[in-house]
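Note sheet for the following structure.
The values are calculated or read from the model by the stated rules, or taken from the named source; none is laboratory data. All of these numbers come straight from a predicted model, not from anything done at the bench. Here the Cβ positions follow ideal geometry from the backbone for every residue, glycine too, while neighbour counts run over all protein chains shown.
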Amino acid sequence: MLIIQKFFAYIQKLWYAPFTIFLIGFIYVQGAFSPFLSEGFFFNKILYVTPASYYLYITNGIMISACITVSLILGHIFVSLLGVIIINQINKINIKWRLMCFTALCLAVLFIILFFQPFILKWNTSIDARLVYSPIYFLLCFVSFLFFQFIQINRLFLQRQIEHPIWILYFCVIAIIVFVTIVYLNGLFSQGQIVNAYRQDKSGLQLMNVTSEDNRQFRLLRFDINTNFIIGYDITVKKMQIIPKDKVKSIETFKTNYQQNKSKYDPTTPHYAGEKQIIAPIDAFYKYRMAKHKDKQDTKQYLSNFTTGYTYNNMNGITGISSNILTSKMNHENYRDKNISEFYGYVCSTPETEQSQKDDAPNVNYRKVYVKEVWLGQTYDLAFTLKSSDKQKWQIDRIEETSFSFNQ
C-alpha cells in the first residue's frame, strides 16, 4: 500500500507533463507546417499558427519528448562522468572571470548548434529526422547540466559575486530560446524530408486530389486532415495549402510512387506507329465512357478491352451480367460523376515495358501507359497497365491513380 501511495504522489508531481508534451508537439508541428505557407524565406510566416489537429500535436509531442527524455538521461550520465574534470579545468581561471568565461563558453556551444542548422536543413538524407536531431538534443542537455553543475560546485564563491544571477539568467533565457528553435527546426526538417521524398522518386507517398466548391483542383501531398481543414503541400506551386472543409466538394486520397517526366505519345510520328495497338484499348475506354448513348454491342466491345483479372477485381465479375442491364446502367452513369461537356480530352505517354508477374506464362508481356485526363478546372493522372500474350491484342489489366509530368 505504501508503494502505491508513493507512486501516486510521484504522478501528482508530474502534473505539468501533459502540458509540456502538448507544447513541444505544438512547436514541432508549427515548425513542420508554417514554413511551407510561403515560397520565400521560411521564417517570414513564423508567427502564423497552422490549424492542425490535436492528434498531430499529441503524437508528435510524445515522440519528440521521448527523444528529449533519452537525451536528458544521457546528458546527465555524461556530465556525471566528465563534468568534474571539465569544471576543474575551468576553475583554474581567475575567480573574478570564472563565471563569465564559463557562461560564454556554454553560450558559444549553443550558438554553434544554431550556426549549423541551415546546413542540416539542406541535408538530403533518408535518416529519420528524430535520429538526426537526437545528438543535438543531447548536446543541449549536456551543456545545460554542465552549466548548473558548475554553479553547484562553485556556489560558495558565486554568492560573493553580485552579478552572478544575471549570468545565470542570460544562460537560461538563451538556452530556452535555442531549445524552442531546435524543436521548431526539427519539425521543419522532418516535413522537408516528405517533400524531398516526393521530388526524388521515393515510394508510398500519400497524395490527395481535392476539388473545391468553385471546381478548382489541388493535387496535394497529405499533411493533415482535421475537423475543419485539409492541409497539404501543393506540388505545382510548391506551397502549402490550407483549405476549409466546408469549401471542399470532393477529396480523393491515394498512395503512389513519384514518376519521372514522361514523353508524350504522338500517333502521327512514324517512330510510334508500332505502339498504336497498345494505346488502342485506352482510346476505346475513353470513347465508350464519354459516349452520350451506348448500345449492347458497344458494351460488349468495351468489356473486351479488359483482362479477366481486371473485371474480377474491379467490376465484381460484371462480365456475367446481362449486356442489356449493364448498358442501361452505363447510360445512366456519368464517368467520375461529371458532365461529359466538361471533359477536354486525354494525353498518353509512350508505352513503357513492365516486368512480367511471377506466375505468368513466358509469352505474357506488359506495358504501362501514363495518361493525363483533362477536365474543366481539373486534371487526373492515371497509369494504365496493359497485358498481351501475343503482342498483337492488348487488354487493360490495371488502372491506378498516380502523379507525373510530361517532358516540355
request  = Provide a single number: the residues in the range 358-389 that are outside any strand (DSSP E or B) and closer than 23 Å to PHE254 by Cα.
outcome  = 2
request  = For the range 45-62, state whether one or more residues are modelled with pLDDT under 60 and within 18 Å of the chain's Cα centre (by Cα).
outcome  = no
Check on ILE194, surrounded by 15 or more Cβ atoms within 10 Å (Cβ to Cβ) and at pLDDT below 80 = yes
message = Can you tell me which residue is modelled with the highest pLDDT among those in the range 135-162 that are surrounded by fewer than 17 Cβ atoms within 10 Å (Cβ to Cβ) and not aliphatic (A, V, I, L, M)?
response = PRO135
message = Suppose we keep only residues that are assigned to a helix (DSSP H, G or I) and closer than 14 Å to ILE151 by Cα within the range 77-94. Which one would you say is modelled with the lowest pLDDT?
response = ILE90
request  = Take ALA280 and decide whether it is surrounded by 12 or more Cβ atoms within 10 Å (Cβ to Cβ) and either modelled with pLDDT of 85 or more or assigned to a helix (DSSP H, G or I) (or both).
outcome  = yes
query = Looking at the range 313-358, which of its residues are over 35 Å from the mean Cα position of the chain (by Cα) and at pLDDT below 80?
reply = GLY317, ILE318, THR319, GLY320, ILE321, SER322, SER323, ASN324, ILE325, LEU326
note = Exactly one of TYR288, TYR302 is at pLDDT 85 or above, surrounded by 12 or more Cβ atoms within 10 Å (Cβ to Cβ) and farther than 27 Å from GLN357 by Cα, and that one is TYR288
key: Single condition ILE235 does not satisfy, out of (1) at pLDDT below 85; (2) loosely packed, with under 13 Cβ neighbours inside 10 Å; (3) of a type outside the set (Ser, Thr, Tyr)   = (2)
request  = Of the numbered conditions (1) loosely packed, with under 13 Cβ neighbours inside 10 Å; (2) over 20 Å from the mean Cα position of the chain (by Cα), ASN215 fails exactly one; give the number of that condition.
outcome  = (1)
ask   = Would it be correct to say that VAL70 is surrounded by 15 or more Cβ atoms within 10 Å (Cβ to Cβ), at pLDDT 75 or above, over 16 Å from SER190 (Cβ atoms) and among the β-branched types (Val, Ile, Thr)?
value = no
Enumeration of residues in the range 210-265 that are assigned to a strand (DSSP E or B) and aliphatic (A, V, I, L, M) = VAL210, LEU220, LEU221, ILE225, ILE230, ILE231, MET240, ILE242, ILE243, VAL248, ILE251
ask   = So which of LYS338, LYS372 is exposed (fewer than 15 other Cβ atoms within 10 Å of the Cβ), more than 20 Å from GLY274 (Cα to Cα), assigned by TED's automatic domain parsing to the domain that holds TYR302 and in contact (Cβ under 8 Å) with a residue 24 or more places away in the chain?
value = LYS338
query = Pick from the range 326-357 the residues that are outside any loop (DSSP other than H, G, I, E, B) and among the small types (Gly, Ala, Ser): which of them is farthest from LYS292 (Cα to Cα)?
reply = SER349
